[in-house]
Amino acid sequence: MITCQKHLFSLPNDISYLNVAYMSPLLKSVQAAGREGIETKVRPYELSIDSFFSPPEHLKALFSQVIQAGDKDRIALVPSVSYGIANVANNLKAKPGDRIILLEEQFPSNVYSWQRKAAETGAELVYIASPKDMQNKGKLWNQAILDAIDERTVLVALPHVHWSEGIVFDLKSIREKTRQHNAWMVIDGTQSVGALAFSVQEFQPDALIAGGYKWLLGPYSMGLAYYSEAFDNGLPIEDSWMNRLNSEDFSGLVNYQPVYKPKAQRYAVGQYSNFIGVPMQIAALEQVLEWGVDNIQAYCDAISKPAIQQFREQGFELCEDEQRSKHLIGVKLPAHIRPDELKASFQKEKVYVSVRGQYLRIAPHLYNTTDDFERLLACMSTLS
Ligand SMILES: Cc1ncc(COP(=O)(O)O)c(C=O)c1O
């Protein structure tokens, strides 16, 4: 198994950072790439036309590898998940009586566009409730999603891993059911891609959007999106000159070009060259690929296992192991635990996790060890 990689980060030794699901720390290599990126603007006379296009193309190729898309031109650089989702919403055809299926308590960037779409078209939003019982929660939730998909469904928009509970959804069976009814399946991969294997070839989503600053270890304001053939003739939410054919020819830009670059390239955000962010995200994905996503998942599983057993022994509830992710762990807090008291204890001991709703969300990475989980458990024990 891969060993602890803390030496590649600049995390102090007296803190336990278990909060990638909030914001990942930067790798030293990513920090260096950002600094180099700043230098680009110090000497603009060294900036070639190629530097606008080659680094983003490289980044697209890396992300295509991470999600097994097999084609970098299916990838578009976006600044946020809300942006990538807005491109999907802009192309979804819906009418009164149609249904858009979402999960209860989904992250808002994968909700607001659908609320607007429903208001504009008369389509109905259906939120699939999270089962109250922890036993078999993942399986029951999945089944409820499958049961809701029918001939009225035009879209199912959901994450691969729930952002607070860590439940993994069965995208393969959801894809099969959506296909039977010609509905789109759109995935917010922000809390999974980079730490849990995602394969476009296996799941065949219509679109997948992932923010870069969590499990992709990149900077803020950077995201990556995959758009399938369903979007090839669609309308992007803005019209960057960079996304038109032959935009590399800077002397011909006012020969206005009606044709977009092929496949997903029309959906990239304006100024996607981002001379600081793109090299940072490249350095991050190179490292993620070198480690291997499956190894990251396995490492998180190994270092969290003893603590999870203790949580269970102490009466905390977690979803069954095969229904939950190992990098984003949701521990249900008993009613008697006061979140403010818990947060104060974490703060005092310099243990960084999130409390989201009724859940303690623990999100480790390769810089953590079992020691961090022991410190977390020690904080919890002062409460009961
Ligand atoms: C599941 C999920 N999606 C998206 C985001 C971020 O969305 P955006 O890039 O629109 O700010 C988060 C941030 O916490 C998230 O947890």
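The values are calculated or read from the model by the stated rules, or taken from the named source; none is laboratory data. A quick note: this is a predicted structure, and the numbers were derived from the prediction, not measured. With ideal geometry, Cβ positions are generated from the backbone for all residues, glycine too; neighbour counts draw on all protein chains shown.
Applying the set (1) within 19 Å of Ala230 (Cα to Cα); (2) within 16 Å of the ligand (Cβ to nearest atom); (3) more than 18 Å from the chain's Cα centre (by Cα) to Ser130 leaves exactly one unmet item: (1). Annotation note: of Pro25, Pro108, Pro56, the sole residue that is more than 16 Å from the ligand (Cβ to nearest atom) and not aromatic (Phe, Trp, Tyr) is Pro56.
Where helices (runs of 4 or more DSSP H) fall entirely within region 254-360, those with at least 3 residues that are within 26 Å of Ala207 (Cβ to Cβ) are at 277-291, 293-313. Taken over region 214-242, the criterion of being hydroxyl-bearing (Ser, Thr, Tyr) and crowded, with 22+ Cβ neighbours inside 10 Å is satisfied by Tyr226, Tyr227. For the criterion of being closer than 16 Å to Gln68 by Cα, at pLDDT 95 or above and within 16 Å of the ligand (Cβ to nearest atom), Phe198 passes.
Might you check whether a residue that is in a loop (DSSP other than H, G, I, E, B) and of a type outside the set (A, V, I, L, M, F, W, C) occurs anywhere in region 172-180?
From region 172-180, those in a loop (DSSP other than H, G, I, E, B) are none; that's our starting set.
No, region 172-180 contains no residue that is in a loop (DSSP other than H, G, I, E, B) and of a type outside the set (A, V, I, L, M, F, W, C).
Taking the condition more than 24 Å from Asn90 (Cβ to Cβ) and either away from the ligand (no atom under 12 Å from the Cβ) or part of a loop (DSSP other than H, G, I, E, B) (or both), does Ala230 pass? So Ala230 does not fit the description; no.
Annotation note: Cβ proximity below 7 Å between a residue of region 326-337 that is closer than 11 Å to Val355 by Cβ and modelled with pLDDT of 95 or more and a residue that is buried (at least 22 other Cβ atoms within 10 Å of the Cβ) and among the acidic types (Asp, Glu) (sequence gap 6+ or interchain) occurs for Gly330/Glu165.
Number of residues in region 168-189 that are buried (at least 24 other Cβ atoms within 10 Å of the Cβ), in contact with a Ser or Thr (Cβ under 8 Å, 6 or more places away or on another chain), within 24 Å of Cys319 (Cα to Cα) and aliphatic (A, V, I, L, M) equals 0.
Can Ser247 be described as among the hydroxyl-bearing types (Ser, Thr, Tyr) and touching an Asp or Glu at 6+ places or on another chain (Cβ under 8 Å)? In short, no. Restricting attention to region 243-267 and to residues that are on the phi < 0 side of the Ramachandran plot and among the polar types (S, T, N, Q), the residue that is surrounded by the most Cβ atoms within 10 Å (Cβ to Cβ) turns out to be Gln265. Residue count for region 179-193, restricted to those that are within 13 Å of the ligand (Cβ to nearest atom) and in contact (Cβ under 8 Å) with a residue 60 or more places away in the chain: 7. Within region 345-384, the set of residues being at pLDDT 90 or above and among the small types (Gly, Ala, Ser) comprises Ser345, Ser354, Ala363, Ala378. Residue by residue through region 289-306, note down the ones that are within 14 Å of Cys4 (Cα to Cα), within 16 Å of the chain's Cα centre (by Cα) and of a type in the set (Val, Ile, Thr). Matches in region 289-306: Ile296 only.
Within region 31-72, the residues that satisfy the criterion of being within 16 Å of Leu224 (Cβ to Cβ) and not in a helix (DSSP H, G or I) are Ile67, Gln68, Ala69, Gly70, Asp71.
Within region 361-384, the set of residues being part of a loop (DSSP other than H, G, I, E, B) and of a type outside the set (A, V, I, L, M, F, W, C) comprises Pro364, His365, Tyr367, Asn368, Thr369, Thr382, Ser384.
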